[in-house]
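Step one of this worksheet: look at the structure below.
What follows is calculated from the coordinates using simple rules that are stated; it is not laboratory data. Small disclaimer: the values here were computed from a predicted structure and weren't measured. All Cβ positions, glycine included, derive from the backbone under ideal geometry; neighbour counts span all protein chains shown.
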Amino acid sequence: MTEPDPTPPSAPGPARRGRGRPPATGRRDEILDAALAEFAESGVQGTSLAAVGRRVGLSQQGVLHHFPSREALLIAALARRDEVDVRELDGLDETSAVVELAERNARRPEVVRLHSLLTAEGLTGDHPASDYVRDRYARVREQLARTLRGEHGDRLPSGATPDQAAALLTAAMDGIQLQWLYDPDSVDMPVLVGLLTDVLRGAPPESDRS
């Protein structure tokens, strides 16, 4: 659903490392995965660099060697989550991808909760994730609209434009996630997301197909 951050234009050469130490990129990914888990469990304010470091056997200064602040670590961890999703969903058509993403999110409620909280908190404007959330929404809508336009042209069978359908699908997915967080036993995210994609594409629900 989202695109990974582009590679910096002039990445430094490989750093020297001692015997048995993981490569810098591997260590960085370990920190990001640990940070995402810590942020999801403890929230932004409850997460410290020291706590993230303990998860991967580093001191606070060791984490700061890779990321200059907690805010920078937060944004990088969120981008890492998106990058992994994009890579693992690559090759699926857009409808299958969004349903698979909903199934994946149903297995990681802490991450979904973090995303929902940051989306709301980002509205304050001075939140460290504000720019990330705004840019992510723009990327998601653009990617969905581009795919839908390639499949259906300027109008979907339902009559919606690709841009309208992309915005509706993005909004609905966030709303469904909120309902699921409150009552996971009553809200089936993958089924509802799949139904919505059928409606927007003008296709009959799967249960009605012969």
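Out of 166, 150, 123, whose Cα points farthest toward the positive end of the dipole of the stretch 117-192 (charges: +1 Lys, Arg; -1 Asp, Glu; placed on Cβ)?
The one lying farthest along the dipole's positive direction is 150.
Could you give me the ³J(HN,Hα) list for the stretch 123-137, computed from phi with Karplus coefficients 6.51, -1.76, 1.60 and θ = phi - 60°, whole Hz, x at Gly and Pro?
Running phi through 6.51 cos²θ - 1.76 cosθ + 1.60 with θ = phi - 60° gives 5, 5, x, 9, 6, x, 9, 4, 5, 4, 5, 4, 5, 5, 4 Hz.
Mind listing P(r) for the stretch 58-210? All alpha-carbon pairs, 5 Å bins, whole percents.
1, 8, 15, 19, 19, 15, 10, 5, 3, 2, 1, 0, 0
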